[in-house]
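Worksheet: one structure, shown below.
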Amino acid sequence: MNKKEMTEQEAYLRLATLCAQAEHCRQEMFEKMRRWAVDEAAQDSIIKRLVEERYVDDTRYARAFVRDKIRYNKWGRRKVQQALWQKHIDQEIQQQVLDEIDETEYLDVLRPLLKQKRKSTKAANDYEMNQKLMRFALGRGFTFDIIRQCLDVDEEMVIDDETD
C-alpha cells in the first residue's frame, strides 16, 4: 500500500514545526524529505524557504551541537568534528564553531572524565595506567596535547595525595 505523496506545503509545515522545537541542519531536513518521498525540486525550494525564514541555520545548529556534545556527551574536538562532517556541515562553519570552544571548559570536561576512568581502571604501573587513559580519551575524540595536559595535572594530584 503506497502512502500518498506529501505536498510541498505539507512537507514545509512539518519541517517548520520540527525546527521550531529544536535545532536542525539542512542535511537532516533533506533526509526527512527523502524518506517522505518529497519531489527533489520541491526539496530545494523548501530548504531555501526554511533558511530564508531562519528555521534552519547550519551555523546556529553547529554551535548548539558542539556545546551539547562537549558538555553532555563529554566528546572531544575530533569526535565532534567528525559528527559535523557526517551531517554535511560546511568546513568553514565547522572551523569557526570549533575555534569558539573555550579551552578551560574543554579541560574541565576531560579532567573529571579521566579522574573517574582512573578509579575504574586496573593497571600494573603508572605508565600502563597513562596508556589506558590516553587510549580512552583519544577514543572520546580529545587531542593528544589536551590529554597530556590533563594527565600531567592528574599525576601531580596523585603525588600530592600520597604525600599528605
Residue pairs, from the table K32/K69; K48/K74; K87/K119; K87/K115, whose Cα atoms sit over 27 Å apart: K48/K74; K87/K119; K87/K115
Going from the alpha-carbon gyration tensor of the range 8-53, what semi-axes, largest first and in whole Å, does one get by taking the root of 5 times each eigenvalue? 15, 11, 10
Near V109, within a Cβ-to-Cβ distance under 9 Å, what is the net charge of the other residues, with Lys and Arg +1 and Asp and Glu -1? +1
Where nothing but the Cβ of Lys and Arg (+1) and of Asp and Glu (-1) is charged, how large is the charge dipole of the range 8-53 around its Cα centre, in debye to the nearest 20? 120
Around D58, under 12 Å between beta carbons, what's the net of Lys plus Arg minus Asp minus Glu among the other residues? 0
Rounded if a/c is under 1.5, else prolate if a/b is larger than b/c, else oblate: which is the chain, with a ≥ b ≥ c the root eigenvalues of its Cα gyration tensor? prolate
Counting only protein heavy atoms and rolling a 1.4 Å probe, one gets per residue an accessible area for the range 1-159 in Å² of 62
If you put +1 on each Lys and Arg Cβ and -1 on each Asp and Glu Cβ, how big is the dipole of the range 58-100 around its Cα centre, in Debye rounded to 20? 340
By the mean-Cβ-within-10 Å protection proxy, highest first, 34-44, 109-119 rank as 109-119, 34-44
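The values are calculated or read from the model by the stated rules, or taken from the named source; none is laboratory data. If you're wondering where the values come from, they're calculated on a predicted model, not measured in any experiment. Using ideal geometry, Cβ is built from the backbone for each residue, glycine included, and neighbour counts are taken over all protein chains shown. For accessibility, only protein heavy atoms count, side chains too; no ligands or nucleic acids. Shrake-Rupley method; radii C 1.70, N 1.55, O 1.52, S 1.80 Å.
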